[in-house]
Amino acid sequence: MSGHSQFALLKQRRFLPFFIVQSLGAFNDNIYRQAIIGLLFFLGTPIEERSLYTNLAPAIFILPYFLFSALAGQIAEKLEKSRLIVITTTMEIVIMSLAAVGFLTESMPVLLVALFCTGMQSTLFGPVKYSVLPSILKPEELTGGNGLVEMGTSLSILTGMIAGGLIFQLAGSHGPIVAATAVIALAVAGNLTARMIPKVDAGAPDLKINWNPLPESLAVLRMAKKQKAVSNAILGVSWFWFVGTMLTSQLPTYAEVNLGGGSTLYIFALALFSVGTGTGSLLCEKLSGRTVEIGLVPLGAFGMTAFMLDLYFARAGESAAAGMSILQFVQHAGSVRIIIDLIGIGLFTGFFVVPLFALIQSRTPKSEMSRVFAALNIQNSGFIVLAAMLGLITQRLLGWTIPQLFLALAIANAVVAIYIFTIVPEFLMRFLSWVMVRGLYRLRLHGIENNVPDEGAALIVCNHVSYMDALILSATIPRPVRFVMYYKIFNIPVMRWIFRTAKAIPIAGAREDPALMQAAFDEVDKALAEGELVCIFPEGALTRDGDMAAFKSGVEKILERRPVPVVPMALRGMWASMWSRRDTRLGRMRVPRRFRAHIEVAAAPAVPGRTATAEALEQQVRQLRGGNG
């Protein structure tokens with residue numbers, strides 16, 4: 001759609017230091033947790049005691065999320081965010097110094113205390129991690145920025161687990177010294193990088209902090225439910241953590257029993273899933289066209305289900321072989337299918353979760369965002385614990401095999417997805433419109449990012465060429481748009497459901513239905529008063545000859561009541577579409593010459609609402625449109 005790339009953010013100071021800090025934090029956390037397991041083996045700890053520690057460690061790490069997330073959300077709301085990131089990374093240095101003492105003295109109690117403190121530090125950093133992005137990124141960069149963060153997190157977790165697991169294998173008797181040095185060095189590197197993050201204003205500097213965790217936890221959970229779309233996006237993110245926890249926690253045993261390998265093959269399987277997730281996260285910007293495209297969420301959910309189902313059928317029983325290396329596994333019959341399934345699950349997981357984060361960020365007021373993400377962390381923690389418990393119950397009490405667990409997870413994923421899309425039809429609506437627009441056209445944009453305001457009310461005026469115009473514009477404008485459209489177009493079968501779900505505003509001519517016309521103007525004024533974007537087609541009807549008609553005075557009537565900025569926009573290349581009125585005199589829609597046709601959408605700088613006239617706006621749109629209808 002454009003020459004922009006999310007990777008350009010990695011060259012900019014507003015994003016790069018933050019990206020490095022969060023990646024280093026995830027990397028260090030996982031080195032530390034895996035190094036603890038490595039120390040248990042190094043000390044020759046009996047298997048029963050080792051099992052106790054390995055099961056206790058995740059619970060110790062996750063406990064602070066329940067206890068302190070609400071407090072962390074308030075602190076992240078009240079303090080300037082770059083300062084808070086410096087504070088949390090300074091805490092990390094202190095905590096990892098304590099962990100270093102634990103490694104050097106080979107004291108498991110000290111390491112577990114440090115692990116609890118690490119969980120507390122991660123709890124404090126969590127609300128900042130995602131609430132900072134809307135402040136440093138433009139709306140059209142949110143999807144790409146979140147994709148980079150998810151990719152960085154996935155790869156940092158993977159490489160941290162590998163590096164932490166190798167420390168005691170490679171360093172031998174020097175393992176405690178190497179582990180102690182590594183965790184402190186990484187913490188110091190994160191703190192130094194954090195000091196390069198530019199200032200990011202507090203969301204609510206006057207907020208009075210409630211130090212009582214229980215009522216405040218309930219308060220932030222209620223806050224997160226104020227908007228149905230945001231509430232269910234949070235549910236979707238928590239479900240992502242449930243699925244991810246369920247899958248990754250089973251991989252060590254799955255690699256040994258069902259794939260016929262050992263710890264090396266487990267890391268390989270985890271790498272496939274992680275690389276898939278990172279790749280899917282990065283692809284979201286390309287597929288979304290740099291908008292917050294929640295239409296990718298159903299695509300991700302359906303893809304996750306399909307590949308998890310296939311993973312069950314690919315290897316439903318135990319492996320006939322044992323002790324295979326990665327190369328031997330790859331060469332083994334049926335293994336390629338399993339590899340594709342693991343990558344596919346990760347890929348569609350990225351499609352699923354990145355737009356959900358972007359939706360939460362784009363729909364939540366900045367003064368509440370940190371607390372909403374604190375609520376997300378509380379809910380995520382509950383889903384992670386639930387996943388761990390269900391994994392134990394289904395296998396130890398019900399006797400399920402891991403492939404059977406994957407089958408149940410695939411079915412549950414489909415049920416949860418259908419539930420979310422039923423109660424918030426906007427997800428499915430965006431998916432259908434995304435499929436239609438991306439399947440039929442290749443879009444080229446001109447001036448959208450610079451001329452459509454990132455926030456606040458504005459009126460968009462555009463030429464009207466086809467029945468697809470509203471869907472195309474909604475696919476190219478980073479923010480949600482309320483479209484005013486002729487009621488007969490609004491009532492087209494199938495499209496009616498899409499338009500109604502998108503909160504389009506039907507309008508009729510004064511002679512056709514004066515009451516509907518007045519209701520439309522009232523709804524437009526209400527939307528603008530609430531700071532929304534509203535798009536109208538001032539010609540009043542689809543073009544019949546490919547040329548523009550004169551703009552009607554309705555635009556001036558809107559601006560008399562609410563003189564907001566006006567953004568002129570133009571569609572190019574749509575007259576040849578099967579959805580225009582070209583050749584309708586033949587009694588049928590024209591068959592398109594080819595699919596994926598190139599069309600263009602252009603925007604000019606905003607015009608002050610107090611001085612804008614229908615005639616002047618018409619001339620601007622004509623110039624934008626040029627000779628290409």
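Compactness ratio for the range 378-510: Cα radius of gyration over 2.2 N^0.38 Å (N = residue count) comes to 1.53.
Overall size of the range 106-176 from C-alpha positions, given as principal axis extents largest first: 51, 25, 12 Å.
Computed with a 1.4 Å probe over protein heavy atoms only, the accessible surface of the range 1-97 comes to 43 Å² per residue. The mean accessible area for residues of the range 252-299, using a 1.4 Å probe and ignoring ligands and nucleic acids, is 28 Å² per residue. For the pair the range 253-313 / the range 473-518, the C-alpha centres are spaced 38 Å from each other.
Summing charges over neighbours of D206, with a neighbour being any other residue whose Cβ is under 12 Å away from its Cβ, gives +1 when K and R count +1 and D and E count -1.
Shown for the chain: the carbon plus sulfur share of the solvent-accessible area, taken with all protein chains present and a 1.4 angstrom probe, equals 63%. For the chain, the Kirkwood hydrodynamic radius comes to 26.5 Å, computed from all pairs of different C-alpha atoms. Pairwise alpha-carbon distances in the range 226-344 exceed 25 Å for 31% of all pairs. Axis of helix 213-223 versus longest Cα principal axis of the chain: the two differ by about 30°, to the nearest ten degrees.
Scalar couplings 3J(HN,Hα) for the range 464-473, obtained by applying the Karplus form with A = 6.51, B = -1.76, C = 1.60 to θ = phi - 60°, are 10, 10, 8, 5, 8, 4, 5, 5, 5, 5 Hz; x denotes Gly and Pro.
For R444, the amide hydrogen comes within under 5 Å of the amide hydrogens of I599, E600, V601, counting only partners 5 or more places away or on other chains and with H modelled in the peptide plane.
Taking all C-alpha pairs of the range 1-156, those more than 29 Å from each other amount to 27 percent.
Between K488 and T611, residue separation times 0.36 nm minus the direct Cα-Cα distance comes to 41.1 nm.
Taking θ as phi - 60° and the Karplus parameters 6.51, -1.76 and 1.60, the scalar couplings of the range 409-419 work out to 5, 4, 5, 4, 4, 5, 5, 4, 4, 4, 4 Hz in sequence order, x denoting glycine and proline. Sequentially through the range 488-503, phi angles give Karplus couplings (6.51, -1.76, 1.60; θ = phi - 60°) of 6, 6, 4, 8, 4, x, 6, 4, 4, 5, 5, 5, 5, 5, 7, 6 Hz, Gly and Pro residues having no value and appearing as x.
Pair-distance distribution P(r) for the range 236-289, from all Cα-Cα distances in 5 Å bins starting at 0: 5, 19, 20, 21, 16, 10, 6, 3, 1 percent.
Normalised by 2.2 N^0.38 Å, where N is the number of residues, the alpha-carbon radius of gyration of the range 472-575 equals 1.05. Convert 25 °C to kelvin, take the viscosity as 0.890 mPa s, use the Kirkwood radius over C-alpha pairs of the range 391-458 as Rh, and evaluate the Stokes-Einstein diffusion coefficient in µm²/s, rounded to a whole number. Rounded to a whole number, D works out at 149 µm²/s. When the P(r) of the range 207-261 is calculated, the portion above 18 Å amounts to 59% of the C-alpha pairs.
The values are calculated or read from the model by the stated rules, or taken from the named source; none is laboratory data. Because the structure is a prediction, the values reported are computed rather than measured. FYI the Cβ positions are ideal-geometry reconstructions off the backbone, even for glycines, and counts take in every protein chain you see. Ligands, DNA and RNA are stripped out before the accessible areas are found, and what is left, the full protein with its side chains, is counted by its heavy atoms. Shrake-Rupley method; radii C 1.70, N 1.55, O 1.52, S 1.80 Å.
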